[in-house]
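This report concerns only the one structure given below.
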Amino acid sequence: MTKKKRILAIVFAFAFIFVMLFSTAFIIAESGHNCVGESCRICYQISVCENTLKQLSFGAITLAVFASAAYIAVLAVRSFVLCYAPATLITLKIKLSN
């Protein structure tokens, strides 16, 4: 099951990179086109690519912020547990023998 998840994650990562890369390439390639006015299909497609890039960027930033906040929370809980964990004879590795 983990191999399928890993492959799926790699496919999604490549799709994400593909969409961002080719949206940017299309915007760069068609930025100097001859516009025909309000019904210009190229301007509409550039607008769609810009919106896609904004949404993907916002999603990536949100994910990064959430992941870093979760990581900091885990580190804080871990350090709290390590500092204030009750000391028992087993954790202190004390052998009780007569």
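The values are calculated or read from the model by the stated rules, or taken from the named source; none is laboratory data. Note that the structure is a prediction, hence the values are computed from the model and not measured. Methodologically, a virtual Cβ is constructed for each residue, glycine included, from the backbone with ideal geometry; neighbour enumeration extends over all protein chains shown. These accessible areas exclude ligands, DNA and RNA; they are computed on the full protein's heavy atoms, side chains included. Shrake-Rupley method; radii C 1.70, N 1.55, O 1.52, S 1.80 Å.
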- Item | Some residue of segment 18-30 being open to solvent by 100 Å² or more (accessible area, probe 1.4 Å), aromatic (F, W, Y) and not in a loop (DSSP other than H, G, I, E, B) | yes
- Query: Of all residues in segment 46-98 being hydroxyl-bearing (S, T, Y) and surrounded by 10 or more Cβ atoms within 10 Å (Cβ to Cβ), which is farthest from L21 (Cα to Cα)?
  - Reply: S79
- Message: Going residue by residue through segment 50-58, is there one that turns out to be more than 13 Å from the chain's Cα centre (by Cα) and among the polar types (S, T, N, Q)?
- Response: yes
- Pairs, first free of Cβ contacts under 8 Å to residues at least 12 places away in the same chain in segment 31-51, second outside any helix (DSSP H, G or I), C-beta under 7 Å, six or more apart: C43/C35
- Message: Quick test of your reading of the structure: N34 fulfils all but one of (1) part of a helix (DSSP H, G or I); (2) open to solvent by 100 Å² or more (accessible area, probe 1.4 Å). Name the failing condition by number.
- Response: (1)
